[in-house]
Amino acid sequence: MIKLIIIGFILFLFVEAANAAVLPDADRKNVWAEYMRLTSNRRDPMPLSKTDLRAAVNAVDQWVNDNAGSYNSAIPLPARTSLTTKQKVELLLFIAKRRWEVE
């Protein structure tokens, strides 16, 4: 469930605005720590050092920031103007979940 919350929050950034700021460092640190807890609790192997994983969190956040407008622009009219932000996030979340079988 926490994984979906994290994914949902990140995907929410896609919809908000192309010029939205990246997450503050404290939020990035929280995402990083939560992801480490999640993978540890599942006993998933983590082939990265903590430093490398933190760099990955930072890079993904930057990528989300840089591509937010692209996601919103890709939604055809009238859906782009009719769907709420929450609905756009849910749509993206459902597609990402299905594509990569995220539970």
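Tabulated results
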{"quantity": "Residue within region 69-76 that is surrounded by 10 or more Cβ atoms within 10 Å (Cβ to Cβ) and within 19 Å of Pro24 (Cβ to Cβ) present", "calculated": "no"}
{"quantity": "Only one of Ile10, Ile2, Ile6, Ile95 that is at pLDDT 90 or above and hydrophobic (A, V, I, L, M, F, W, C)", "calculated": "Ile95"}
{"quantity": "Within region 26-41, tally of residues that are among the β-branched types (Val, Ile, Thr) and either within 21 Å of Gln62 (Cβ to Cβ) or touching a Lys or Arg at 6+ places or on another chain (Cβ under 9 Å) (or both)", "calculated": "1"}
{"quantity": "Filter pass, Val89 being under 27 Å from Lys29 (Cα atoms), touching a residue at least 60 places away in the same chain (Cβ under 8 Å) and surrounded by 12 or more Cβ atoms within 10 Å (Cβ to Cβ)", "calculated": "yes"}
{"quantity": "Residue match in region 50-63 (condition: hydroxyl-bearing (Ser, Thr, Tyr), modelled with pLDDT under 95 and either under 15 Å from the mean Cα position of the chain (by Cα) or surrounded by fewer than 11 Cβ atoms within 10 Å (Cβ to Cβ) (or both))", "calculated": "no"}
{"quantity": "Filtered residue count, region 18-73, keeping only those that are in contact with an Asp or Glu (Cβ under 9 Å, 6 or more places away or on another chain), over 18 Å from Leu92 (Cβ atoms) and either of a type in the set (A, V, I, L, M, F, W, C) or touching a residue at least 40 places away in the same chain (Cβ under 8 Å) (or both)", "calculated": "2"}
{"quantity": "Yes/no for Val15 being at pLDDT 90 or above, surrounded by 13 or more Cβ atoms within 10 Å (Cβ to Cβ) and closer than 26 Å to Glu90 by Cβ", "calculated": "no"}
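The values are calculated or read from the model by the stated rules, or taken from the named source; none is laboratory data. Note that the structure is predicted; figures quoted are calculated from it, not measured. Glycine also receives a Cβ, built like all others from the backbone with ideal geometry; neighbour counts cover every protein chain displayed.
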